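Q: This is the structure I have questions about; it appears just below.
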Amino acid sequence: MTPEEVFLKLVHGVADRDFAVLPELYAEQTDVRHPMNPYGDHPLLSRAALAEHFGVNGPRVSEVVRFQPANIRVHQTADPEVIVAEFEYAGTVLATGDPFTVPAIFVLRIRDGLIVESRDYIDHLAMIRARGQVDQLITHLREPSPTPAAS
């Protein structure tokens, strides 16, 4: 698969809630980061970590919203392994029927048809609002950061 085909399989798989198959799009050792996540960027460095991520987070998201990728633009780079994909997840809040849009940019390195590196810049705040979790985020942000251990 080309890098663009892998990306399309990824975003459509997320939207279609195909959580068991998604980890197969990644190399055994990978590096997936979400630099803009207000809960902190917790790198996912293996296919097993991604399986856990999709298995835990996927169902939590799909319980409250449905969405599909839209306005997809894939940009090739000078490195044939790297693409930059701009898109939105456009969806509906299940409880209210309210529409929402979550803009995103993914920078992916795909080698031999598998994702070996990804930087997922997604508007987490838009997804948090759509999922009705603003109060949880505020509580998280108000919690004191752990104090580093004394040397």
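Listed here are the residues, each with its yes/no results for (1) assigned to a strand (DSSP E or B); (2) not polar (S, T, N, Q).
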{"residue": "PRO80", "(1), (2)": "no, yes"}
{"residue": "THR92", "(1), (2)": "yes, no"}
{"residue": "ILE105", "(1), (2)": "yes, yes"}
{"residue": "ASP135", "(1), (2)": "no, yes"}
{"residue": "ILE138", "(1), (2)": "no, yes"}
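Q: Next question, about the same structure. Being assigned to a strand (DSSP E or B) and over 15 Å from the mean Cα position of the chain (by Cα) is the filter; apply it to the range 94-103 and report the residue that is nearest to GLU5 (Cα to Cα).
A: Filtering the range 94-103 for residues that are assigned to a strand (DSSP E or B) and over 15 Å from the mean Cα position of the chain (by Cα), the one nearest to GLU5 (Cα to Cα) comes out as PHE100.
Q: Would you confirm whether or not the range 27-34 contains a residue that is open to solvent by 60 Å² or more (accessible area, probe 1.4 Å), assigned to a strand (DSSP E or B), free of Cβ contacts under 8 Å to residues at least 12 places away in the same chain and not basic (Lys, Arg)?
A: Within the range 27-34, none of the residues are open to solvent by 60 Å² or more (accessible area, probe 1.4 Å), assigned to a strand (DSSP E or B), free of Cβ contacts under 8 Å to residues at least 12 places away in the same chain and not basic (Lys, Arg).
Q: On to the next question. Of the conditions (1) in contact with an Asp or Glu (Cβ under 6 Å, 6 or more places away or on another chain); (2) closer than 18 Å to ARG109 by Cα, ILE72 clears all except one; give me its number.
A: (1)
For every residue, the table says whether it meets (1) without any contact (Cβ under 8 Å) to a residue 40 or more places away in the chain; (2) surrounded by 12 or more Cβ atoms within 10 Å (Cβ to Cβ).
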{"site": "ASN71", "(1), (2)": "yes, no"}
{"site": "TYR89", "(1), (2)": "no, yes"}
{"site": "VAL93", "(1), (2)": "yes, yes"}
{"site": "GLY97", "(1), (2)": "yes, no"}
{"site": "PHE100", "(1), (2)": "yes, yes"}
{"site": "VAL107", "(1), (2)": "yes, yes"}
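Q: For the range 53-63, does any single residue satisfy the condition of being of a type outside the set (S, T, N, Q), at pLDDT below 95, open to solvent by 70 Å² or more (accessible area, probe 1.4 Å) and assigned to a helix (DSSP H, G or I)?
A: Yes: the range 53-63 contains one or more residues that are of a type outside the set (S, T, N, Q), at pLDDT below 95, open to solvent by 70 Å² or more (accessible area, probe 1.4 Å) and assigned to a helix (DSSP H, G or I).
Q: Right, here's the next one. Among the residues of the range 117-133, write down those that are of a type in the set (A, V, I, L, M) and either assigned to a strand (DSSP E or B) or open to solvent by 30 Å² or more (accessible area, probe 1.4 Å) (or both).
A: Of everything in the range 117-133, those that are of a type in the set (A, V, I, L, M) and either assigned to a strand (DSSP E or B) or open to solvent by 30 Å² or more (accessible area, probe 1.4 Å) (or both) turn out to be ILE122, LEU125.
The values are calculated or read from the model by the stated rules, or taken from the named source; none is laboratory data. Everything numeric in this text was worked out from a predicted model, so none of it was measured. For neighbour counting, all protein chains shown are included, and Cβ atoms are generated from backbone atoms with ideal geometry for every residue, glycine included. Ligands, DNA and RNA are excluded from the accessible area calculation, which covers all protein heavy atoms including side chains. Shrake-Rupley method; radii C 1.70, N 1.55, O 1.52, S 1.80 Å.
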